[in-house]
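Single-structure report; data block below.
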Amino acid sequence: MIYIGEDNISDINDFLEASGKIKEINNFDEKIINYENELNTLESERISSQLKVSEAEDKLQELKDKLKGSNNGVEGKIEKENTELKQLLDSISELEINISEKTSEKDELQTERDELVKKSLMILHSTMKKEHQKADKEHARYVELYTQERAKKHDLERKMMNLKMMVYKNYGLRLI
């Protein structure tokens, strides 16, 4: 028999707890939270890298502007900044790939969790429905027994009344 708390269900977690799958679902929730934290970290790294790219582009533009005026070592600095910029862009590209993978994994976990929740609730509903049908059959049986016993009682009361009347009529004796 399934026992659900205090007979009042406040939310879906009460049903999930009754289904016995709450631990598995909580594990999925924890994994999803971990993936979300990793995604947040990757997002902040990407933002930081994009900021560095902007700074490098600004510096590169500055150097190009200086190059127009004079050429004492500025070309080397421009080459160095171009290399740094390329590395930063590669880093951003890698971060975006990681973010995409983590998002995909998180979505997959969320889907698995949702399927587990659905399956658990369907199993719980099926079990509760069977118990309800069983209780309904028991109730019908008891109603039938009650009806039969009430008919017997009524029949006995009628027979007792007839007996009392016959005894009083024939012998003048009142039965109580």
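The values are calculated or read from the model by the stated rules, or taken from the named source; none is laboratory data. Keep in mind the model is a prediction, meaning the values are calculated, not measured. Quick reminder, even Gly has a Cβ in these numbers, built from the backbone with ideal geometry, and neighbours come from all protein chains shown.
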In the stretch 148-163, anything among the polar types (S, T, N, Q) and either loosely packed, with under 10 Cβ neighbours inside 10 Å or at pLDDT below 95 (or both) is listed as N162
If you go through the stretch 74-85 one residue at a time, do you hit one that is surrounded by 12 or more Cβ atoms within 10 Å (Cβ to Cβ) and either at pLDDT 85 or above or in contact with a Cys (Cβ under 8 Å, 6 or more places away or on another chain) (or both)? no
Number of the condition not met by I176 [criteria: (1) of a type outside the set (K, R); (2) over 17 Å from the mean Cα position of the chain (by Cα); (3) assigned to a helix (DSSP H, G or I)]: (3)
Qualifying residue in the stretch 141-151 (condition: of a type in the set (S, T, N, Q) and part of a helix (DSSP H, G or I)): yes
Do we have any residue at all in the stretch 158-172 that's of a type outside the set (V, I, T) and not in a helix (DSSP H, G or I)? yes
Can you say whether S100 is small (G, A, S) and farther than 24 Å from E30 by Cβ, as far as the supplied structure shows? no
Would you point out which residue out of K118, K106 is at negative phi and exposed (fewer than 11 other Cβ atoms within 10 Å of the Cβ)? K118
